[in-house]
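A quick write-up on the structure given underneath.
The values are calculated or read from the model by the stated rules, or taken from the named source; none is laboratory data. It should be emphasised that the depicted structure is a prediction, and the values quoted were computed from it without experimental measurement. Methodologically, a virtual Cβ is constructed for each residue, glycine included, from the backbone with ideal geometry; neighbour enumeration extends over all protein chains shown. Please note that ligands, DNA and RNA were not included when accessible areas were found on the heavy atoms of the full protein model with its side chains. Shrake-Rupley method; radii C 1.70, N 1.55, O 1.52, S 1.80 Å.
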Amino acid sequence: IKEVELTLDFYDELFPSFVELADLPDNFIQSRKHYYDLLAELTSEVDSLNENSPSEDATQMDMIIHYLNGRQMVTGGRRETGIGEIRQVIRKATELGNQEYLLKGLIEGIHYGIHKDDPQDMGKFVGLAKDLMNQTGFEFDQRKRAEVLRLEGLHHYNLGNFDQALQKLGQANEILQESRYRKNGFLSRAATLNYICRTKQAMGDSAGADEA
């Protein structure tokens, strides 16, 4: 399960939606399809395990499977089914006291609001994610904090609150510039700088947008 999760963390972030397979190199198609097929097999196996031999470990595995399935559905055109999966992740993570997957689930809830073009849903999940981080600190992964700040900045941008958007995006960018995140956070930083550029353009600051 961990191998599938780490691999799909790459694919789902780099290509966060279903694309035409004809547009992708053959080796990429085969590799991505292999891991989605493997995820389908694992989903069936974990369902059977929970039914026949329920345990906390089985529940943990089930939570991860729901997360991986829900994430690709939310961003891949099946958002209503996907958010159902993600709500299960949030529920199970809360029951298990697993703050890491609780935050991951809330971040996917934010993505759901983005794809649904629903500022109310987006704002609700942003608020829940911020509350969780403020309660726990999440010092073990400041990249997640940067991700929530970036999405909060996008939320403010969508509402036309450009000053607040720049503040949150700037905080995200500051975290992602740290040396420990330069390799595994470069995609998040690129997205953050893109939002900063768009925000400055909306404010009429063309020079600032070019600099970003």
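Structure data summary
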{"quantity": "DSSP-loop chymotrypsin sites (Phe, Trp or Tyr not before Pro) across segment 137-212, with at most 15 other Cβ within 10 angstrom", "calculated": "Phe140"}
{"quantity": "Stretch gain in nm, segment Glu174-Ser48, where the contour uses 0.36 nm per residue and the Cα spacing is subtracted", "calculated": "40.9 nm"}
{"quantity": "Within the accessible area of the chain (1.4 Å probe), percent carbon and sulfur", "calculated": "48"}
{"quantity": "DSSP-assigned coil residues among trypsin sites (Lys or Arg not before Pro) in segment 111-212, each with at most 15 further Cβ atoms within 10 Å", "calculated": "Arg182, Lys183"}
{"quantity": "Count, lysine Cα pairs under 14 Å in the chain, 8 or more residues apart or across chains", "calculated": "8"}
{"quantity": "Under the Karplus curve 6.51 cos²θ - 1.76 cosθ + 1.60, θ = phi - 60°, whole-Hz ³J(HN,Hα) for segment 186-193, x wherever Gly or Pro sits", "calculated": "5, 5, 5, 5, 4, 5, 4, 5"}
{"quantity": "Calculated from backbone phi, Karplus (6.51, -1.76, 1.60) coupling profile of segment 107-112 in Hz, x at Gly/Pro", "calculated": "4, 5, x, 5, 4, 4"}
{"quantity": "Summed residue charge, Cβ within 15 Å of Glu51's Cβ, Lys/Arg positive, Asp/Glu negative", "calculated": "-4"}
{"quantity": "Helix-derived mean residue ellipticity, 222 nm - over the chain, DSSP H n ≥ 4, -39500 (n - 2.57), to 500", "calculated": "-27000 deg cm²/dmol"}
{"quantity": "Where the chain is the region considered: accessible area per residue in Å², 1.4 Å probe", "calculated": "53"}
{"quantity": "Using a Förster distance of 41 Å, the FRET efficiency for Lys130-Leu38 (Cβ separation, nearest 0.05)", "calculated": "0.75"}
{"quantity": "Computed lengthening from Gln120 to Arg87, 0.36 nm per intervening residue step minus Cα-Cα distance", "calculated": "10.2 nm"}
{"quantity": "Residue-wise HN-Hα coupling along segment 52-58, computed from phi with Karplus coefficients 6.51, -1.76, 1.60 (Hz; x: Gly, Pro)", "calculated": "9, 9, x, 7, 5, 5, 5"}
{"quantity": "Virtual spin-label span in nm between Glu56 and Asp210, 7 Å along Cα→Cβ", "calculated": "5.9"}
{"quantity": "Which labelled figure in [x] 43, 41, 29; [y] 61, 44, 34; [z] 87, 33, 26 is Cα extents along the principal axes in Å, once derived from the coordinates", "calculated": "[y]"}
{"quantity": "Percentage relative contact order, the chain, counting C-alpha pairs under 8 Å, at least six apart", "calculated": "11"}
